[in-house]
1. Please work out the FRET efficiency for the pair residue 10 and residue 272, using the Cβ-Cβ distance as r and a Förster radius of 22 Å; give the result to the nearest 0.05.
2. When you count, for each residue, the other Cβ atoms within 10 Å and take the mean per peptide, how do 375-388, 401-414 rank with the highest first?
3. If you line up the long axis of helix 238-251 against the longest principal axis of the chain, both from Cα atoms, how many degrees apart are they, to the nearest 10?
4. Would the range 273-360 count as rounded, prolate or oblate if I go by the C-alpha gyration tensor, calling it rounded below 1.5 in a/c and otherwise prolate when a/b exceeds b/c, oblate otherwise?
5. How much mean residue ellipticity at 222 nm does the chain get from its helices, if each DSSP H run of length 4 or more adds -39500 (n - 2.57) and you divide by all residues, to the nearest 500 deg cm²/dmol?
6. Sketch the reach of a paramagnetic label on residue 74 as a point 7 Å from Cα along Cα-to-Cβ, and name the residues of the range 211-255 whose backbone nitrogen lies under 14 Å away.
7. Under a GNM of the chain (C-alpha, springs under 10 Å), which listed residue has the highest mean-square fluctuation: 214, 51, 331?
8. On a 0 to 90° scale, report how tilted helix 351-361 is relative to the longest principal axis of the chain, with both axes built from alpha carbons and the result rounded to the nearest 10.
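Where a number appears in this text, it was derived from the coordinates with a stated rule and is not lab data. As the structure is a prediction and not an experimental result, all values here were calculated from the model. As a convention, Cβ positions derive from the backbone with ideal geometry for all residues, glycine included, and neighbour counts pool all protein chains shown.
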Ligand code: S3P
């Protein structure tokens, strides 16, 4: 286990390009595997999670040329129902892989069961939310007792489209069902309480698939003949950029600039929250990359942040950034309240418990709520020792807590950051967030 101590600093500054988008890289590999034409993916994210997806794609029979570390991978797909899934796929820590792969596998030619499994963290995550709707379409998908992985998936049973009313907004669940819908007879519709990120829909459209919209739902008409994913370059990941952005809000002097970031509105809810808290943020839109709006974000230190409320309607557009609101709340005047975020309990860790635990461990005043948390600010962040709980975003949150602490914060389990952001410590050091 790696332990690093992040030191306080009076100012951070500089320009960084954050790693490529994790959500888009998973999708490029998985949709590439069912594409009729080979897809060149430039700048895929090289991380634990996306390596798991590349291995999965290879094990299902897609051709993989090039090395993810070299910045270019070519996926030779087998068509929309031409994959040959192996008996077991190890999804490691990647929930996106498990949920999207299940939607693809059910539609492949009849074959033996594939078991989708993962690490201890993934084995705690709920899978009935995909198993039940897939079964409603005619598929056979069986999670372990408790509704968690391992997940047994049988390819090739006849499926029919249906209307899925998701109780919780989830891009992973929506994507799983749309991908299953490509091989189901008739229309598959998905309705969410609040729209989640639409990367899958954009990529399917770019591949020539008609993605329908009606009454707030998205849908596909299956079975489709095929899809042809265009070559793509993966832009920077907003969820990784969020750490540099928050470092800039707390200590940016003169400024922190993050370049080439995916600014899909389904991902950038944190910017709205930061603006509400009084942060000085400039967004410079650039050209679209991979069908996604992209640009640079420039932030400067804000002396006085004001507390805010984040409610259910905002959570999907910032679901992975909510932990950062905890730290911002501790530095803001007033009481910051997050509600409608029960989903955080079933992420890579129980992020309501782990975020509040981290904040309290460094001296902030915070309390858990069933579906969120409350932070009283401004509270002194003394510093101390925290644990990542194997959760990448917790590890990185600990680093930022160190930046604004009095005495530094030691993060145990820092290696977890590599799940989404392998160069995190180096990028932060370049800005002046220094670890020892
Ligand atoms: C993701 C969707 C989000 C997010 C996850 C990646 C995706 O989950 O938390 O890190 O790539 O679709 P849900 O939208 O399923 O909650």
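1. The pair residue 10/residue 272 has a calculated efficiency of 0.20.
2. Ranking the peptides 375-388, 401-414 by packing returns 401-414, 375-388.
3. The angle comes out near 10 degrees.
4. Taking the square roots of the gyration eigenvalues as a ≥ b ≥ c, the range 273-360 is oblate.
5. Calculated at 222 nm, the ellipticity per residue is -8500 deg cm²/dmol.
6. Residues 231-232 fall inside that zone.
7. Its mean-square fluctuation being the largest, the pick is 214.
8. Around 20 degrees separate the two axes.
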